[in-house]
1. If you take every DSSP beta bridge whose two residues both sit in segment 223-319, what share of them, in percent to the nearest 5, is antiparallel?
2. List the pairs from LYS17/LYS196; LYS224/LYS303; LYS29/LYS303; LYS148/LYS196; LYS273/LYS319 whose alpha-carbon separation is above 23 Å, in the order I gave them.
3. Highest mean first, what order results for 156-165, 274-283 on Cβ atoms within 10 Å?
4. Order by neighbour count: LEU231, LEU19, fewest other Cβ atoms within 10 Å first, most last.
5. Computed from these coordinates, which is semi-axes √(5λ) of the Cα gyration tensor in Å: (1) 32, 23, 21; (2) 37, 20, 17; (3) 43, 25, 15?
6. Of the options GLN57, ALA100, ASN164, report the single residue whose Cα projects farthest towards the positive end of the charge dipole of the chain (beta-carbon charges: Lys, Arg +1; Asp, Glu -1).
7. What is the spin-label model distance, in nm, from THR282 to THR69 if the labels are put 7 Å beyond Cα along the C-beta direction?
8. Separation between the ALA54 and ARG28 pseudo-spin-labels, each 7 Å from Cα along Cα→Cβ, expressed in nm?
Amino acid sequence: MSATVKFTSGQVRDFRKRLLRWFHREQRKLPWRGEADPYRILVSEIMLQQTRVAVVQERYKSFLQQFPTAEKLARAREQTVLAAWSGLGYYRRARALHAAAKQVADNGAFPRNSTALAELPGVGRYTAAAVASIAYAEPVAVVDGNVKRVLGRLSGRELQEGENWRFAGELLDAKRPGDFNQAMMELGATVCLPGKPQCELCPVVTLCAARGAEAKRQKTSRRKAMLKYSLIQRNGDVFLRQRPKDVSLMAGMWELPESNRSGSLGQPILKLKHSITVTDYTVMVFRETNVGHHIGRWVPISKVGRVALTGLTRKILNKL
């Protein structure tokens, strides 16, 4: 064992045994568990970046029904892919996944190891290792936020990036790398929680140096803001505008046009809350009767689900 922690070889073997036994017994039933197809594993890993598992569970199946293979995804139009991704947020992930599928299709085969996988658009070291270990049983460790927390508590201190990867690699069960990596992530996601770790449920608590909550980090202060939109309809159509393609958030996605109306000039037909990154928005939607100066297009309500809508617009239209 390196100087990162002081685990004996016997403790490492004990750690692997306890963790894998716990994972076999307690793992959540998720739609991507048990998958060996690297494309399907890649889709799940990209979706799970910065998105809650509950949301991904719902969208993973429908996305794969529409794009069951990398080749099918590669042939799709970008707007079709973005429409299927709508509501998951961080749309650069969808564009990167689309680009990766095109590269796989051009190459005629999926990359067969973590080094080659890391050359795909949008695939970093963690994602490449996750796909390679699960799909191909390549003995490479993964380090994400959940795994970092587990490693930090095991060692009793906050580890540097290189230390995390070394420690994870030393603990890795090379005979079952896919299961081991998933078990480490599962432990961090369900037991070794940030604020209130459930140490009484932890299979490796006797090997843990911390055994308790980590020091509270200063919370990022959230901003408050207001958004106003216009709902303009005619003959079963709704009017939408496209966001500029050079903006940093949701570039090229479609949304309701903005409204300049104030509450004193009429009550909104819908008021709701919505959060994007570190901002909490109060959203008000007003009914309008004409397009005015807005530039956009009319879309049949029956076909609006095929459009690459922003998550907020989809939420508004679903409520209305």
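1. Around 60 percent antiparallel, to the nearest 5.
2. Pairs exceeding 23 Å: LYS17/LYS196; LYS224/LYS303; LYS29/LYS303.
3. Result, highest mean first: 156-165, 274-283.
4. Numbers: LEU231 19, LEU19 23.
Ordered by Cβ neighbours within 10 Å, fewest first: LEU231, LEU19.
5. Given (1) 32, 23, 21; (2) 37, 20, 17; (3) 43, 25, 15, the structure-derived one carries the label (3).
6. GLN57
7. For the pair THR282/THR69, the computed spacing is 5.3 nm.
8. Result: 1.0 nm between the two label points.
Computed from the coordinates by the stated procedures, all read-outs in this text should not be read as laboratory data. As the structure is a computational prediction, the values presented were derived from the model and not from experiment. Note that we place each Cβ from the backbone using ideal geometry, even for glycine, and neighbour counts take in every protein chain shown.
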